[in-house]
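Enquirer: Below you will find the structure I want to go over with you.
Nothing in this text is a laboratory measurement; each read-out follows from the coordinates by a stated rule. These figures come from a predicted structure and were not determined experimentally. Note that we place each Cβ from the backbone using ideal geometry, even for glycine, and neighbour counts take in every protein chain shown.
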Amino acid sequence: DSGVTQTPKHLITATGQRVTLRCSPRSGDLSVYWYQQSLDQGLQFLIQYYNGEERAKGNILERFSAQQFPDLHSELNLSSLELGDSALYFCASSAQAGGPNEQFFGPGTRLTVL
Amino acid sequence: EDKVVQSPLSLVVHEGDTVTLNCSYEVTNFRSLLWYKQEKKAPTFLFMLTSSGIEKKSGRLSSILDKKELFSILNITATQTGDSAVYLCAAPGTSGSRLTFGEGTQLTVNP
């Protein structure tokens, strides 16, 4: 158990809908990262927050947004869902914003868009 | 663009064999390289390497980094069926700590 929690574990929804994925980092970690893992793309970085502020952005679609709250939990919002958004979404956390530091992954949310 | 390449992509061995997994990288502003094990769930952290030539060890697993040749290896000795997993190599790149991952090596250990 990494100490990172994610809810829900599974989500099944229809095209065009909107969903929210939630992540709580390990105790004491200030940085939260979101990654998407699909069969054909591998693990892809989406976005990073550090202590409430956006720190880095990757290949995140405009239909997707995220935020980190004062209690450091983070939410990833996915809207106007398409079939291709079906994937595993992982949240990871680390103590620092940059520099060499380990990232610990949560159990993931498996999103299925029908 | 930052790049991490792993080889082989797939490996099948028998219990008791020793395996070596490879990871090469091209990363601007290199700071560290990380190894993860992924079974049918989240990646589990194994090692973080920052210095060349210093081996990190955990039980039957060990890893070393060569910053001159831009690669790392992960060794697993006396493999067990429980070692069957995808092993991922990753490096934080240009922007903050975002990790760029390799494709992974799918290791299958047969009894």
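Enquirer: Can you spot the lysines whose alpha carbon is less than 25 Å from B:K41's alpha carbon? Ignore those fewer than 8 places along the same chain.
Expert: A:K9, A:K57, B:K3, B:K56, B:K57
Enquirer: I've got another one for you. Report the charge-dipole magnitude of chain B in Debye, nearest 20, computed about the Cα centre from +1 at each Lys and Arg Cβ and -1 at each Asp and Glu Cβ.
Expert: Computed about the Cα centre, the dipole is about 340 debye.
Enquirer: Put +1 on the Cβ of each Lys and Arg and -1 on the Cβ of each Asp and Glu in chain A; which of A:S2, A:G84, A:Q41 then has its Cα farthest toward the positive end of the dipole?
Expert: Farthest towards the positive pole: A:G84.
Enquirer: Here is a further query. If the only charges are +1 at each Lys and Arg Cβ and -1 at each Asp and Glu Cβ, what is the size of the charge dipole of the protein assembly as shown around the Cα centre, to the nearest 20 debye?
Expert: With Lys and Arg at +1 and Asp and Glu at -1, about 260 debye.
Enquirer: According to the square roots a ≥ b ≥ c of the eigenvalues of the Cα gyration tensor, what is the shape class of segment B:49-105, taking rounded for a/c under 1.5, prolate for a/b larger than b/c otherwise, and oblate for the remainder?
Expert: Judged from the Cα gyration tensor, segment B:49-105 comes out oblate (a/c at least 1.5, b/c at or above a/b).
Enquirer: Could you grab the relative contact order for chain B? Cα pairs under 8 Å, six or more apart, rounded to a whole percent.
Expert: It comes to 38 percent, rounded to a whole number.
Enquirer: Hey, got the dipole for chain A? About the Cα centre, +1 on K and R Cβ, -1 on D and E Cβ, debye to the nearest 20?
Expert: 160
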